[in-house]
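Undergrad: Can you keep this structure in mind? I'll have questions shortly.
Just so you know, all these numbers are worked out from the coordinates, no wet-lab data involved. Computed from a prediction, not measured in an experiment: that's the story for all the values here. Glycine also receives a Cβ, built like all others from the backbone with ideal geometry; neighbour counts cover every protein chain displayed.
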Amino acid sequence: MEHSDSYQAMLDVVQAFHDKHDFKNKGGEEMLYRIALMTEELGEMAEVVTKGKSKEQLAEETADLFILLIGTAISADFDLKQAFWKKMDKIMQRESKMVNGRVRVSEFRK
């Protein structure tokens, strides 16, 4: 398989994965299920970090989550690239704040 750095190539290969396994007709695109899978992947990422596992293992678990995120955009029929840039434009305008010794960039309500 040829690997490309383009988002469109990543979107296409995740779509092909969904098609191959007929996610649309077999429950693989149901949002609560997808959220549960993403939660599972976050747990696996946490395990890598808390148990001091390798950077390669962290990369693999992060890739799993990224694939699920792209698949969620496919499942919910929205443009993730557009949503990404819209959100980045918004958060780049925010100020940061230190909370319990760690930087936080959030929408702090007064």
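Undergrad: Do you know which residues across segment 15-29 are loosely packed, with under 12 Cβ neighbours inside 10 Å and either more than 19 Å from LEU69 (Cβ to Cβ) or basic (Lys, Arg) (or both)? Talk me through it step by step, then tell me what you get.
TA: Restricting attention to segment 15-29, the residues satisfying the condition of being loosely packed, with under 12 Cβ neighbours inside 10 Å are 16, 19-22, 25-27.
Within segment 15-29, LYS20, ASP22, ASN25, LYS26 meet the criteria.
Undergrad: Here is a check on your reading of the model: is LEU32 surrounded by fewer than 14 Cβ atoms within 10 Å (Cβ to Cβ) and of a type outside the set (Phe, Trp, Tyr)?
TA: Yes: the conditions hold for LEU32.
Undergrad: Quick one: which helices (runs of 4 or more DSSP H) lie wholly within segment 15-106 and hold at least 2 residues that are over 26 Å from ASP5 (Cα atoms)? Show your work before the answer.
TA: On the way: elements: 31-50, 55-76, 80-91.
Answer list for segment 15-106: 31-50.
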